[in-house]
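First up is the structure itself, then whatever we jot down about it.
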Amino acid sequence: MSSPELEGPPPAIVLFDWDGTLVDTGDILLSCWHAATEQVLGYRFPVEEEDRRRVLAMRAVDSFPTITDGPEQTAALTAAFDATYEPLAPLNVRAHEGAERLLRSLRDHEIRVGVVTSKSAVRRSIDGRVSGLDPYLDIVITGDDVTLGKPAPEGIHRAITALGGSVETTVYVGDGPVDARAGQAAGVRTICLTQGLHTTEEFHDLAPQLLVTDLGDVARALGYGVGS
């Protein structure tokens, strides 16, 4: 695994994935998938690890239609998922260790900070309120804001444009192969974490600029670790 040392010009913008990167939501997402699919489809999904990894990396608008019989059932599944999510969030959504400290440090150093996620705007907003991270974000691009979700670069490019930046001075931080692909497609430097669902081996063929363990490594790579 690479030591945390990011090459290139100092970043003016740092964009983050949300689930698994800044916040821990793995348990609540799986609980909502199981509750919603049992209610609407009559069976629990996902069960296999391969399916779990696949659907949790996708936008709901892309993943739900793959297991439903049409728009009406997709709408019912979405409604059931959302109805399950909000009451569970206060006890199941939490910022990852070091997330608030890193975001605060970036803002203190006048670095623009944003989130580019595949998550729906409604659920991302709930997470932001529960986790307490929203005050540190200059922009949030959700799966509802783009035509094509990650690994397409649309969300990253939208955030950069809105913040008046450039790809040369933007860094994207995520925890999955889809984030590495999105960063590469967008032409930005990418830091990937192995603190989430994915293993080091899954990144071998993707070559992000840095592959690190946690947000503490990200802070050090960006020059904003303890004592910076």
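Quick note: the coordinates plus some simple rules give every number you see, no bench work behind them. These figures come from a predicted structure and were not determined experimentally. Neighbour counts run over all protein chains shown; Cβ positions are idealised from the backbone, glycine included.
Filtering 75, 89 for residues that are among the hydrophobic types (A, V, I, L, M, F, W, C), under 28 Å from residue 213 (Cβ atoms) and assigned to a helix (DSSP H, G or I) leaves a single hit, 89.
Against the list (1) assigned to a helix (DSSP H, G or I); (2) surrounded by 18 or more Cβ atoms within 10 Å (Cβ to Cβ), the condition residue 14 fails is (1). Residue 86 fulfils the conditions (1) surrounded by fewer than 16 Cβ atoms within 10 Å (Cβ to Cβ); (2) in contact with a strand residue (DSSP E or B) (Cβ under 7 Å, 6 or more places away or on another chain) except for a single criterion, (2). Beta carbons closer than 7 Å, at least 6 apart along the sequence or on distinct chains, pair a first residue in region 26-47 that is in contact (Cβ under 8 Å) with a residue 60 or more places away in the chain with a second that is among the hydroxyl-bearing types (Ser, Thr, Tyr) and buried (at least 16 other Cβ atoms within 10 Å of the Cβ) for 28/85. Every condition in (1) assigned to a strand (DSSP E or B); (2) surrounded by 24 or more Cβ atoms within 10 Å (Cβ to Cβ) holds for residue 140 except the one numbered (2).
Conditions (1) outside any helix (DSSP H, G or I); (2) among the small types (Gly, Ala, Ser); (3) under 27 Å from residue 99 (Cβ atoms), marked per residue:
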| position | (1), (2), (3) |
| --- | --- |
| 7 | yes, no, yes |
| 10 | yes, no, yes |
| 21 | yes, no, yes |
| 32 | no, no, yes |
| 37 | no, no, no |
| 44 | yes, no, no |
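The set of residues in region 21-56 being within 16 Å of residue 118 (Cα to Cα), surrounded by 22 or more Cβ atoms within 10 Å (Cβ to Cβ) and small (Gly, Ala, Ser) is empty.
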